[in-house]
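Below: the structure, in structure tokens.
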Amino acid sequence: MAQNKIDIKTGTLFPWTFQLIAGIVFLVGLSIIADRPVLSLSLIAASAFVFSGYTGMEIDKEKNNYREYMSFFFIKGGKQIKYSGIEKIFINSTKVKQQMYTAHTSHSSVFTNMEFNGYLKLENGQKIHLLTKRKKEKLVHELKKIALFLDVQIDDTVERQVKSA
């Protein structure tokens with residue numbers, strides 16, 4: 001049964017700043033466990049909630065359905081959606097800008113990165129986001145596994161755009 005399903009973990013639900021705070025809360029919870037066990041266990045559970053939160057997608061070839069899910073404490077929630085067929089997997093690129101401010105002044109820095117996104121295109125034209133990576137080679141490596149499982153081609157629209165420019 002497991003050979004007909006693939007589980008694609010998209011990423012964490014919380015940004016790195018929340019995870020950093022959760023790490024600090026976890027350490028505080030561990031340090032006060034002897035003095036205040038109830039408060040300590042609450043802090044540890046809250047940080048475990050942040051660390052265990054992630055998103056993903058399961059595809060079942062046998063039943064022709066997929067499920068986009070959110071998972072907390074390794075319990076996945078999401079509804080099954082039927083599909084008629086999968087056309088292809090394709091790759092796009094996006095430029096991502098992130099603006100960060102300093103703590104004491106109103107100065108900011110803008111960081112620009114290129115990210116590569118992998119999408120699944122169904123036969124009805126619907127597009128479903130699969131993965132995002134900063135390095136195209138890593139994305140292609142992951143998408144090849146998925147494409148092999150689903151028996152579809154990978155269409156690299158980024159490569160086509162570079163050639164036509």
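Read-outs: derived from the displayed coordinates by stated rules, not from any lab. Predicted, not measured: the structure shown is a model, and the values here were computed from it. Don't worry about glycine lacking a Cβ; one is built from the backbone with ideal geometry, like all the others, and counts go over all protein chains shown.
Of the listed peptides 32-40, 138-146, what is their order by residue-averaged count of other C-beta atoms within 10 Å, with the highest listed first? Present the calculation step by step, with values, prior to reporting the outcome.
Values: 32-40: 11.4, 138-146: 16.0.
The densest-packed peptide leads the list: 138-146, 32-40.
Quick one: grab Rg to one decimal and Dmax as a whole number for the range 1-82, Cα atoms only, in Å.
Cα only, the range 1-82: 16.9, 54 Å (Rg, Dmax).
³J(HN,Hα) across the range 18-28 via Karplus (A = 6.51, B = -1.76, C = 1.60, θ = phi - 60°), whole Hz, x for Gly/Pro?
Along the range 18-28, the couplings run 5, 5, 5, 4, 5, x, 5, 4, 4, 5, 5 Hz.
Among 69, 83, 101, which one shows the highest mean-square fluctuation when the chain is modelled as a Gaussian network with alpha-carbon springs under 10 Å?
Evaluated over the chain, the most mobile residue of the options is 101.
Give me the Kirkwood hydrodynamic radius of the chain in Å, from all C-alpha pairs, to one decimal place? Walk me through the numbers on the way to the answer.
Working: mean 1/r = 0.0533 Å⁻¹.
Computed over Cα pairs of the chain, the Kirkwood hydrodynamic radius comes out at 18.8 Å.
For the chain, what's the relative contact order in percent, using C-alpha pairs closer than 8 Å and at least 6 residues apart?
Once normalised by length, the contact order is 18 percent.
Among 3, 96, 83, which residue has its Cα positioned farthest towards the positive end of the charge dipole of the chain, with +1 placed on the Cβ of Lys and Arg, -1 on the Cβ of Asp and Glu, and the dipole taken about the Cα centre?
96
At residue 36 and residue 4, where each label point lies 7 Å from the Cα along Cα→Cβ, what is the point-to-point distance in nanometres?
5.2
Which of the residue pairs 5/95; 5/138; 63/127; 61/97; 76/135 have a Cα-Cα distance greater than 26 Å in the structure shown? It would help to have the intermediate numbers written out before the result.
Working: 5/95 32 Å; 5/138 22 Å; 63/127 19 Å; 61/97 37 Å; 76/135 28 Å.
Cα-Cα > 26 Å for 5/95; 61/97; 76/135; rest within.
Using only alpha-carbon positions, what ratio does the radius of gyration of the range 84-165 give when scaled by 2.2 N^0.38 Å? Present the calculation step by step, with values, prior to reporting the outcome.
On the way: Rg = 16.6 Å, N = 82, 2.2 N^0.38 = 11.7 Å.
Cα-based Rg divided by the globular estimate yields 1.41.
Return the single residue from 132, 94, 112 with maximal mean-square fluctuation; model: Gaussian network over the chain, springs between Cα atoms under 10 Å.
112
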